[in-house]
């Protein structure tokens, strides 16, 4: 029997040979839906699977996931009278990949609708890696019970190729290899394969692969339209382009035309986001297919201007809590029924800063025995804006209360940022209460306070060494605090199995700067990382560490042939900055 290491090596070579020989079966196994789920090569760290469907693994303030496993706030199942509900289905673009939750276009759309005074609730029902099949399942398992009035399904061009892949999880052995073997990941080259699959959509004569992808996509859309119609729910389609379509030399938008033709045949309202993104005065994309904050705003405004939501906007103002006075809302916070207390907190959240008089009552609700009420009260306090007068009570909660209350209090403290520096000692004390939710919320709060949270560094280092959601937030916090004492720990996680952790570690070392110089060699080795986001973070971090000039320039020059266009562009920019320094001119800031 061969030793385990030798067995793994032989299996890696076998998989590599299969992929090199064009084995579509092996490539599909390793490129299934979870591959896009995070900057990591696997979604196993943060997803919860049920058959062929996955959501986020539990609620976490680090990612703003709710009890449904979605990146959205908690929602009451029952609608207030007069309220309409819009469900935005999609994948990583709708989710707001690389952006804060409030920057995703569904949340921006909610803000625009609120400004008009309509009683419309916008749900973000999207996760990275969801193709149309999973969006159909999400409608059945999640959306339907919230009684939606309208569905807006965002299609990204990679969805066509995704529909050709098996959506179930890969065998454990091959999934392990893909996570742990750089040889296998490089041989599969999932990133480049996805780019090629999108490029095929623009060919004048689509291949059989493309035709099959469209057929499967349209089959699921047709089922969704019929099921939604049977429930009295409308369906509209929003097509989101890729960045290359904004170039002057871009080919004709054939994918949009194909999807539009299908929508006409099915009677589905259709909206192409490409024109609005072309008009955007600011860069509309972060990478190949993920929108920037400016791009998200442009899409939300286009959706509102298109008229496809006019039916929702015809609804009058909601009755009940939405039209009640502030005093009535504050009384409702004391109601016997948890649903009424949660609805009152939700209404105060929507009021924003105008609800400031309700702040003390909402702080008290952080101790509510009902999970949903606590979460909604925390959301409302964050929406109202920071108030140092709340700190004494929040500190007592952090030091004395049970884990769920500490979690809610830490979330409110985090929204205060550096102004909450007096709460650092209490946050550190909160870490003595076991529980991942507490650790995640406290780590996030310490990071938002920044350099004045140095007392929390030892505890964050301990968390960063353990697997779980808290580890990711702890690594990020160590970079935001910028304490040199964290350098060794951060350098140690550069080879973590999670791509997102490696990415955050590289960013953190760049934020710390010169004191992290001894990690320069490790960062240079990380330029070979299979994850493009990690390579990008390393390129941005290395110049800040004072790495030896010759080694840095050689590494950056090599990256100008990187398979990822964003990495190539960032490496070229860094090289230009170095050469401007040679000429004595200051580097251009971004």
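The values are calculated or read from the model by the stated rules, or taken from the named source; none is laboratory data. Quick caveat, the model's predicted, so the values are computed rather than measured. FYI the Cβ positions are ideal-geometry reconstructions off the backbone, even for glycines, and counts take in every protein chain you see.
The table for this structure:
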| quantity | calculated |
| --- | --- |
| Candidate set: the range 476-513, residues that are outside any helix (DSSP H, G or I) and either touching a strand residue (DSSP E or B) at 6+ places or on another chain (Cβ under 7 Å) or touching a residue at least 40 places away in the same chain (Cβ under 8 Å) (or both); chosen: the one nearest to residue 446 (Cα to Cα) | 498 |
| Residue check for residue 300: touching a residue at least 24 places away in the same chain (Cβ under 8 Å), under 21 Å from the mean Cα position of the chain (by Cα) and farther than 20 Å from residue 198 by Cβ | yes |
| Residues that are surrounded by fewer than 22 Cβ atoms within 10 Å (Cβ to Cβ) and outside any helix (DSSP H, G or I), drawn from the range 99-114 | 99, 100 |
| Any pair with Cβ under 6 angstrom, 6 or more apart, that starts in the range 209-220 at a residue that is more than 14 Å from residue 199 (Cα to Cα) and assigned by TED's automatic domain parsing to the domain that holds residue 131 and ends at one that is at pLDDT 90 or above and surrounded by fewer than 19 Cβ atoms within 10 Å (Cβ to Cβ) | 218/262 |
| Residue 276, sole failed condition from (1) outside any loop (DSSP other than H, G, I, E, B); (2) at pLDDT below 85; (3) under 13 Å from residue 246 (Cβ atoms) | (2) |
| Condition check for residue 467: more than 28 Å from residue 389 (Cβ to Cβ), in a loop (DSSP other than H, G, I, E, B) and not assigned by TED's automatic domain parsing to the domain that holds residue 56 | yes |
| Pairs where the first residue, in the range 254-269, is touching a residue at least 24 places away in the same chain (Cβ under 8 Å) and the second is in a loop (DSSP other than H, G, I, E, B) and surrounded by 12 or more Cβ atoms within 10 Å (Cβ to Cβ), C-beta under 6 Å, 6+ apart | 255/157; 269/308 |
| Subset of the range 224-250 (residues that are surrounded by 14 or more Cβ atoms within 10 Å (Cβ to Cβ) and farther than 19 Å from residue 88 by Cβ) | 242, 243, 244, 245, 246, 250 |
| Only one of 260, 230, 236 that is modelled with pLDDT of 90 or more, over 30 Å from residue 566 (Cβ atoms) and in contact with a strand residue (DSSP E or B) (Cβ under 9 Å, 6 or more places away or on another chain) | 236 |
| Residue selected from the range 303-330 under the condition in a helix (DSSP H, G or I) and within 31 Å of the chain's Cα centre (by Cα), by the criterion modelled with the lowest pLDDT | 322 |
| Conditions (1) within 21 Å of residue 100 (Cα to Cα); (2) more than 24 Å from the chain's Cα centre (by Cα); number of the one not met by residue 523 | (1) |
| Any chance residue 420 is at pLDDT 90 or above and buried (at least 19 other Cβ atoms within 10 Å of the Cβ) | yes |
| Those residues of the range 392-404 which are touching a helix residue (DSSP H, G or I) at 6+ places or on another chain (Cβ under 7 Å) and surrounded by fewer than 22 Cβ atoms within 10 Å (Cβ to Cβ), in sequence order | 393, 395, 399, 403, 404 |
| Which listed residue is crowded, with 18+ Cβ neighbours inside 10 Å, in the same structural domain as residue 218 (by TED's automatic domain parsing) and farther than 30 Å from residue 403 by Cα, from 117, 82, 96, 129 | 129 |
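Residue-wise test of (1) without any contact (Cβ under 8 Å) to a residue 24 or more places away in the chain; (2) touching a helix residue (DSSP H, G or I) at 6+ places or on another chain (Cβ under 8 Å); (3) part of a loop (DSSP other than H, G, I, E, B); (4) crowded, with 22+ Cβ neighbours inside 10 Å.
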site	(1), (2), (3), (4)
536	no, yes, no, yes
540	no, yes, no, no
544	no, yes, no, no
550	yes, no, no, no
553	no, yes, no, no
